[in-house]
Amino acid sequence: MKVKGNFFLFLTCFVVATAYISGCSSYRSHLVKMGDLFIETIPSSWVYLSDITAKQEGDELVISGKVSRRNTSFSGAGHVDVAVVSPGGLVIDTANVPYTPKILPKTPGARKHRASCFEARLRCIPPEWTVIRIAYHGKAASDDPMLDHEDNIALPEDHDHGG
């Protein structure tokens, strides 16, 4: 009987540890295929990016989605950074776009908070297998500009502007 109890305890600990490790790995970037493009969301501990779509409208690439706060303990002020990266690693275009409403809504007493929406319109026609990287960029202080065009955190670390 004691062997069965120890085995059950070991099995339970193993399952809990596996679930914990799997949950922690979900904060890595997420790459999703959408038509001939890939959408990569850069995770944030403050917000959740969801319902991301990318579609070509003439010579414009329209990228839209939702931003929801993960908890109520932060201001919710910021913007969304977008980078369009070719399969070869060349940065085709970038954008810093606001979301509406500007302060992420709080839903008192709810586990999930209402979302804000964003839309980026870029003048480009990306080639097949292009990766569209999207990241939340929080506003650090009230005197910082809302859209800091010099610092786009959606850019890959080893990006190439073609120069």
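Going through Thr100, Thr72 one at a time, which residue ends up being under 17 Å from the mean Cα position of the chain (by Cα), more than 18 Å from Leu31 (Cα to Cα) and among the hydroxyl-bearing types (Ser, Thr, Tyr)?
Numbers: Thr72 fails: under 17 Å from the mean Cα position of the chain (by Cα).
Thr100 is the lone residue from the list that is under 17 Å from the mean Cα position of the chain (by Cα), more than 18 Å from Leu31 (Cα to Cα) and among the hydroxyl-bearing types (Ser, Thr, Tyr).
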Residues of the range 70-110 classified as on the phi > 0 side of the Ramachandran plot and loosely packed, with under 14 Cβ neighbours inside 10 Å, total:
2
Name, by its number, the condition in (1) touching a Pro at 6+ places or on another chain (Cβ under 7 Å); (2) buried (at least 19 other Cβ atoms within 10 Å of the Cβ) that does not hold for Trp129.
(2)
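Test Ile42 against the stated conditions and say whether it is under 20 Å from Leu122 (Cα atoms), within 17 Å of the chain's Cα centre (by Cα) and either loosely packed, with under 10 Cβ neighbours inside 10 Å or at pLDDT below 95 (or both).
On the way: under 20 Å from Leu122 (Cα atoms): yes; within 17 Å of the chain's Cα centre (by Cα): yes; either loosely packed, with under 10 Cβ neighbours inside 10 Å or at pLDDT below 95 (or both): yes.
Answer is yes for this residue.
If you scan the range 67-105, which residues turn out to be charged (D, E, K, R), touching a strand residue (DSSP E or B) at 6+ places or on another chain (Cβ under 7 Å) and over 11 Å from Ile134 (Cβ atoms)? First the steps, then the outcome.
So in the range 67-105, the residues charged (D, E, K, R) come out as 69-70, 81, 93, 102.
Then keep just the ones that are touching a strand residue (DSSP E or B) at 6+ places or on another chain (Cβ under 7 Å); that gives 69-70, 81, 93.
Within the range 67-105, Arg69, Arg70, Asp93 meet the criteria.
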Checking the conditions here, which among Cys117, Cys124 is modelled with pLDDT of 85 or more, assigned to a loop (DSSP other than H, G, I, E, B), on the phi < 0 side of the Ramachandran plot and hydrophobic (A, V, I, L, M, F, W, C)?
Cys124
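The values are calculated or read from the model by the stated rules, or taken from the named source; none is laboratory data. None of these values were measured; they are calculated from a predicted model. So basically every Cβ, Gly included, is an ideal-geometry build from the backbone, and we count neighbours across all protein chains shown.
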